[in-house]
Amino acid sequence: METRLPLLIDRDFFGYGASPPRIEWPNNARLALSFVLNLEEGAEFSLRAGDPSNEDTHEVQCQIKDAPDLCMESHFEYGTRAGYWRVMSAFEEAGVPLTLNVCARALEATPWVAAYARQRGDELCCHGWRWESHAGMSEPEERALIDRCVATFQHIAGNAPVGWHTKSSPSVQTRRLLIEHGGFLYDSDAYNDDLPYYVTHGERAHLVLPYAFDTNDMRFFVNHSFHRGRDFHDYVMDAVKALLREGEQAPRMLTIGLHTRIIGRPGRIDGLRDLFSSLHGLPIWYATREQIAQHWLRHCPPPSPFEAGVRQ
């Protein structure tokens, strides 16, 4: 008889299986498309910011030890000095809504991001305090960090974030702490589905909006899978075409991850602009992650007796 490892007990390998929910997106769209722009500039690891080490990933892979890395800092500064404005110009022209994954420490360094998001009606999602994994973080430390992030958003943006997304891996208690904190509609600390889904904690149901690493400009850096803007465009369009085909039978969601310092370079930005042109006229609902979460909570509520943590 096969022994089931305790490690696998709380993992779901089935998901919706062959029977995904049959809800409809607005305007009979087959696909909900979520653009997420990550702003981590000012939240990268830096000895000059009091961190224990320097960040080692920018346009190159390089670790400077025991001294400030001014080269790395300059690469990150490009994201807000030049890349941010170039990317936002493209979104303005396309008229597409946006979720901004913003580290709270980065928001302190770039408060104008919050002002511009309010002006456009974009969502500010919390990307943690610093651009760091939470794996192995102690529970008291992480609870205090979540509180600090929410307070920073309230102070600078005027409201608390309704979404959360940890860089890399969350800790084993991250989701529980978010639920216990209250006020979060969803988190995106998952990569395991093409649709939102619920997890439960006690009597609470919590919504998860999965993120994606493949339809993501980080592939210009990681393994250099993308070389030119056209590579990004072509891969994302392949994903869109497949999900639109599947969307004839049941709803689908796609996340496109962007970074100001990556897609915001002049040699890559036309990959995004061309993508907007190729998407024009397709049966797609462009939405922030908060809008997707609210729609899912209304039209696909959690099963009784669980109560969703809906923000009032």
Relative contact order computed over the chain (Cα-Cα under 8 Å; 6+ residues apart), in percent: 26 percent
Accessible area per residue, 1.4 Å probe, Å², for the chain: what's the number? 48 Å²
Under 15 Å from the 7 Å Cα→Cβ point of Glu246, by amide nitrogen: which residues of the range 27-43? 30-34
Grab the Cα-Cα distance for His227 and Ala109, subtract it from 0.36 nm times how many residues apart they are, and report the gain in nm with one decimal. 39.4 nm
Cα lying deepest toward the dipole's positive end in the range 87-159, options Cys125, Pro140, Ala106, charges on Cβ: Ala106
Mean-square fluctuation check for the chain, GNM, Cα pairs under 10 Å: which of Tyr191, Tyr16, Tyr78 is largest? Tyr16
Between Ser74 and Ile23, the two model label points (7 Å from Cα along the beta-carbon direction) sit apart by a distance in nm of 4.9 nm
From the helices alone, meaning DSSP H stretches of at least four residues, give me the mean residue ellipticity at 222 nm for the chain, per-run term -39500 (n - 2.57), in deg cm²/dmol to the nearest 500. -10000 deg cm²/dmol
Can you find, among Ser74, Thr215, His233, the residue sitting farthest towards the positive end of the charge dipole of the chain, where Lys and Arg contribute +1 and Asp and Glu -1 at Cβ? His233
Alpha-carbon Rg/Rh ratio, for the chain, with Rh computed the Kirkwood way: 0.96
With a 1.4 Å probe and all protein chains left in place, how much of the accessible area of the chain comes from carbon and sulfur atoms, in whole percent? 50 percent
Just Phe213, Phe13, Phe153 to compare: in a GNM of the chain, with alpha carbon springs under 10 Å, which one fluctuates most? Phe13
Which value, in debye to the nearest 20, gives the size of the charge dipole of the chain about its Cα centre, when Lys and Arg are +1 and Asp and Glu are -1 at the Cβ? 600 debye
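The values are calculated or read from the model by the stated rules, or taken from the named source; none is laboratory data. Computed from a prediction, not measured in an experiment: that's the story for all the values here. Please note: Cβ atoms are built from the backbone with ideal geometry, for glycine as well, and neighbour counts cover all protein chains shown. The protein model used for the area step is the full one, side chains on, heavy atoms only, and it has no ligands, DNA or RNA in it. Shrake-Rupley method; radii C 1.70, N 1.55, O 1.52, S 1.80 Å.
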